[in-house]
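Undergrad: Pasting a structure below so you can have a look.
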Amino acid sequence: MSLTHQDVARIAKLARINVSDEEIVAVGNQLNNIFGLIEKMQAVNTDGIEPMAHPQDVSLRLREDIVTQTNQREAFQAIAPQVEKGLFLVPKVIE
Amino acid sequence: MKWEVVIGLEVHVQLNTATKIFSGTSTAFGAEPNTQASAVELAFPGVLPVMNKAVVEKAIRLGLALGSKINQKNVFARKNYFYPDLPKGYQISQMELPIVEGGVLPILVGEEEKLVKLTRAHMEEDAGKSLHEDFSGMTGIDLNRAGTPLLEVVSEPDMRSPEEAVAYARALHSLVMWLGICDGNMQEGSFRVDANVSVRPFGQQEFGTRREIKNLNSFRFLEQAIKYEIQWQIDTLEDGGRVEQATVLFDPDSGETRMMRSKEDAHDYRYFPDPDLLPVRISDEQIARIRSEMPELPSAMKARFVEAFGVSAYDAALLTGSRATAEYFEAVAQASGQGKLAANWVNGEIAARLNREGKDIGDCPISAERLTGLIQRIADNTLSSKLAKQVFDALWDSDLSADAIIERDGLKQVSDVGAIEKMVEEAIAANPKAVEEFRAGKEKALNALAGQVMKASKGKANPAQVQEILKQKLA
């Protein structure tokens with residue numbers, strides 16, 4: 001498969017990456033090279049092989065449900081661009 | 001045209017753990033903004049999620065209660081979208097391999113039982129909260145809720161009316177509280193419902209196009225929203241329009257649903273397995289242990305109540321609506337040996353009074369022990385049903401036992417044959433007209449005479465005995 005410029009623009013938008021019209025061509029070529037590699041891998045016969053969720057065959061370790069974290073709001077908010085009444089402020093997201 | 005309604009529900013059940021799903025941060029409700037938000041919830045570079053064992057075990061509990069398949073290997077995935085209350089840019093959820101698959105939930109619609117099939121239940125993290133009031137023209141973010149563990153429980157599109165949808169939501173709500181995995185507090189958002197609604201011409205096989213109503217946080221809103229949505233879809237189709245797939249919000253003030261986003265704006269979440277988390281593996285031993293720790297389930301308890309106490313299936317269903325009610329009933333039925341009487345009082349007077357005063361069984365001013373005292377005096381004929389009601393009211397407003405109230409207020413039912421005979425004779429002597437009517441075949445006249453006796457005894461005469469002795473005397 002081959003990505004069109006439109007596909008590239010859409011992927012960039014979803015990832016919130018600003019890609020200019022000039023860059024789209026170069027980025028498109030790079031992405032298509034990667035797809036070429038993926039196509040090669042997809043050509044391998046994987047019948048009867050269980051998909052891996054992780055490269056290592058180990059299981060998740062679980063933690064006991066006990067509070068270990070303390071309140072560090074002051075430290076976190078000291079490096080935030082803007083705070084008010086304990087809230088982090090961000091550009092308005094709805095009108 | 002006759003339309004058929006099709007409804008499926010997705011419920012976000014907040015699990016009542018002490019800490020978040022992926023960090024040891026407290027989940028206590030109502031803390032100052034961002035005081036329960038660690039580097040994990042804030043998505044600082046380099047942090048890694050560390051899974052909470054209690055979340056897995058509570059999910060298994062629900063799966064076992066629903067008779068579902070527990071996936072002994074299940075996998076976390078990233079659901080990607082951008083919003084400021086989700087600093088990572090993705091929500092950790094489960095996609096292809098959820099922890100729970102399948103199962104059924106019995107629901108009670110009117111007096112009829114119906115089985116609703118479950119699709120799946122998966123573990124995921126909640127997002128933070130965006131506050132859109134004016135903060136110098138900006139949006140305020142509180143991440144205390146971020147990372148709170150949720151179980152998203154998805155039903156099959158098995159419901160055919162708003163009433164069935166509400167019955168399902170109520171049944172699931174009482175089950176998660178019964179299992180002790182969720183506090184059930186809907187005002188605080190511990191149990192939030194999304195409803196997928198569509199309509200189709202009656203008899204048609206394929207489903208109509210659905211619209212999803214988001215974030216309903218009360219049973220009343222759920223019912224109102226679905227009713228409005230059904231009517232809107234039917235009106236749209238009958239006017240020759242088309243229903244487009246969309247996500248809508250319910251506005252409780254106007255009682256209407258309105259479009260939040262259309263299909264074109266639908267998110268592309270680009271799910272993929274989260275490389276930060278290994279697959280969760282659950283052993284047979286772990287499942288067996290959790291099964292052994294589970295409380296008796298409502299369905300099993302219901303059957304046992306019918307069997308052991310002779311109550312009706314309907315009464316048993318009401319009694320097992322919550323674990324607290326079931327335990328209360330069982331204590332009374334056990335101690336009094338009067339299952340049916342106990343069921344009548346718990347489902348009748350107690351339920352009505354609690355409902356009127358906006359309380360639940362946990363706040364009931366009459367302990368199981370004191371209700372047992374009342375029921376024993378009804379069973380041994382010390383109290384008529386009328387006197388029993390009087391004692392019940394006094395029990396509600398005091399700490400006294402039924403016996404103490406009967407003693408104090410002189411409410412003992414008179415069952416002494418001699419005393420009743422005397423009153424019957426007086427009533428017969430004083431009401432020759434009624435006696436004549438009864439003898440002429442007017443059965444009702446007997447009630448008038450019995451009424452006179454009851455009045456003379458200040459309501460304390462045993463009504464059955466009064467009737468019996470009257471008939472003897474008049475024969």
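Undergrad: Let me confirm something: among B:E124, B:E133, which residue is closer than 29 Å to B:T17 by Cα, of a type in the set (D, E) and in a strand (DSSP E or B)? Spell out the reasoning first.
TA: Details: B:E133 fails: closer than 29 Å to B:T17 by Cα.
Of the residues listed, the single one that is closer than 29 Å to B:T17 by Cα, of a type in the set (D, E) and in a strand (DSSP E or B) is B:E124.
Undergrad: Then there is this: If only one of A:V67, A:V93 is without any contact (Cβ under 8 Å) to a residue 40 or more places away in the chain, closer than 27 Å to B:L48 by Cβ and surrounded by 10 or more Cβ atoms within 10 Å (Cβ to Cβ), which one is it?
TA: Details: A:V93 fails: closer than 27 Å to B:L48 by Cβ.
Being without any contact (Cβ under 8 Å) to a residue 40 or more places away in the chain, closer than 27 Å to B:L48 by Cβ and surrounded by 10 or more Cβ atoms within 10 Å (Cβ to Cβ) holds for just one of A:V67, A:V93, which is A:V67.
Undergrad: Give B:V104, B:V100 a once-over and let me know the one that is under 18 Å from B:V11 (Cα atoms) and touching a Leu at 6+ places or on another chain (Cβ under 6 Å).
TA: Numbers: B:V100 fails: touching a Leu at 6+ places or on another chain (Cβ under 6 Å).
Just one listed residue meets the conditions, B:V104.
Conditions tested, residue by residue: (1) surrounded by fewer than 16 Cβ atoms within 10 Å (Cβ to Cβ); (2) part of a loop (DSSP other than H, G, I, E, B); (3) of a type in the set (D, E, K, R).
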{"position": "B:F221", "(1), (2), (3)": "no, no, no"}
{"position": "B:Y228", "(1), (2), (3)": "no, no, no"}
{"position": "B:R242", "(1), (2), (3)": "yes, yes, yes"}
{"position": "B:S254", "(1), (2), (3)": "yes, yes, no"}
{"position": "B:T257", "(1), (2), (3)": "no, no, no"}
{"position": "B:R261", "(1), (2), (3)": "yes, no, yes"}
{"position": "B:E264", "(1), (2), (3)": "yes, yes, yes"}
{"position": "B:D268", "(1), (2), (3)": "yes, yes, yes"}
{"position": "B:L277", "(1), (2), (3)": "no, yes, no"}
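Undergrad: Output the residues belonging to the stretch B:370-388 that are without any contact (Cβ under 8 Å) to a residue 60 or more places away in the chain and surrounded by fewer than 13 Cβ atoms within 10 Å (Cβ to Cβ).
TA: Initially, the stretch B:370-388 is screened for residues without any contact (Cβ under 8 Å) to a residue 60 or more places away in the chain, giving B:370-380, B:382-383, B:385, B:388.
Matches in the stretch B:370-388: B:D380, B:S385.
Undergrad: Moving on to the next point. Of these, B:G147, B:G128, B:G137, B:G67, which one is away from every other protein chain (no Cβ under 14 Å) and either surrounded by 23 or more Cβ atoms within 10 Å (Cβ to Cβ) or of a type in the set (G, A, S) (or both)? Lay out the reasoning, then the answer.
TA: Numbers: B:G147 fails: away from every other protein chain (no Cβ under 14 Å); B:G128 fails: away from every other protein chain (no Cβ under 14 Å); B:G137 fails: away from every other protein chain (no Cβ under 14 Å).
Answer to the check: B:G67.
Undergrad: Hey, does the stretch B:159-170 have a residue that's in contact (Cβ under 8 Å) with a residue 12 or more places away in the chain, closer than 29 Å to B:A18 by Cβ, surrounded by fewer than 17 Cβ atoms within 10 Å (Cβ to Cβ) and more than 14 Å from chain A (Cβ to nearest Cβ)? Talk me through it step by step, then tell me what you get.
TA: Step one: filter the stretch B:159-170 for residues in contact (Cβ under 8 Å) with a residue 12 or more places away in the chain, giving B:159-170.
If we keep only those that are closer than 29 Å to B:A18 by Cβ too, we end up with B:169-170.
Checking the rest, the ones that are also surrounded by fewer than 17 Cβ atoms within 10 Å (Cβ to Cβ) come to B:170.
Filter once more, keeping what is more than 14 Å from chain A (Cβ to nearest Cβ): B:170.
For the stretch B:159-170, residues in contact (Cβ under 8 Å) with a residue 12 or more places away in the chain, closer than 29 Å to B:A18 by Cβ, surrounded by fewer than 17 Cβ atoms within 10 Å (Cβ to Cβ) and more than 14 Å from chain A (Cβ to nearest Cβ): present.
Undergrad: Being surrounded by 13 or more Cβ atoms within 10 Å (Cβ to Cβ) and outside any loop (DSSP other than H, G, I, E, B) is the filter here, so list the residues in the stretch B:394-408 that pass it. It would help to see each step written out before you state the result.
TA: The initial filter retains those residues of the stretch B:394-408 that are surrounded by 13 or more Cβ atoms within 10 Å (Cβ to Cβ), namely B:394-396, B:398, B:400-406.
Across the stretch B:394-408, the qualifying residues are B:A394, B:L395, B:W396, B:A402, B:D403, B:A404, B:I405, B:I406.
Undergrad: Quick one: in the stretch B:1-32, of everything that is touching a Phe, Trp or Tyr at 6+ places or on another chain (Cβ under 9 Å) and in a loop (DSSP other than H, G, I, E, B), which residue is surrounded by the most Cβ atoms within 10 Å (Cβ to Cβ)? Explain how you work it out, then say what you get.
TA: Filtering the stretch B:1-32 down to residues touching a Phe, Trp or Tyr at 6+ places or on another chain (Cβ under 9 Å) leaves B:1-4, B:6-7, B:9, B:11-14.
Next cut, in a loop (DSSP other than H, G, I, E, B) only: B:1-2.
Working: B:M1: 8, B:K2: 6.
Checked the stretch B:1-32; the qualifying residue surrounded by the most Cβ atoms within 10 Å (Cβ to Cβ) is B:M1.
Undergrad: Further, regarding this structure: Looking only at the stretch B:197-211, count every residue that is surrounded by fewer than 18 Cβ atoms within 10 Å (Cβ to Cβ) and of a type outside the set (V, I, T) and tell me the total. Lay out the reasoning, then the answer.
TA: Here is the first cut: in the stretch B:197-211, the residues surrounded by fewer than 18 Cβ atoms within 10 Å (Cβ to Cβ) are B:200-207, B:209.
In the following step, the residues that additionally are of a type outside the set (V, I, T) were identified as B:200-207.
Selection size over the stretch B:197-211: 8.
Undergrad: Any idea which residue in the stretch B:422-465 is farthest from B:V391 (Cα to Cα), counting only those that are of a type in the set (D, E) and either in contact with an Asp or Glu (Cβ under 8 Å, 6 or more places away or on another chain) or surrounded by fewer than 16 Cβ atoms within 10 Å (Cβ to Cβ) (or both)?
TA: Just the residues of the stretch B:422-465 that are of a type in the set (D, E), to begin with: B:425-426, B:436-437, B:443.
Right, trim to either in contact with an Asp or Glu (Cβ under 8 Å, 6 or more places away or on another chain) or surrounded by fewer than 16 Cβ atoms within 10 Å (Cβ to Cβ) (or both) and you get B:425-426, B:436, B:443.
On the way: B:E425: 29, B:E426: 28, B:E436: 37, B:E443: 32 Å.
Per the stated criteria, the residue is B:E436.
None of the figures in this text is laboratory data; all of them are computed from the coordinates on show. Because the structure is a prediction, the values reported are computed rather than measured. Please note: Cβ atoms are built from the backbone with ideal geometry, for glycine as well, and neighbour counts cover all protein chains shown.
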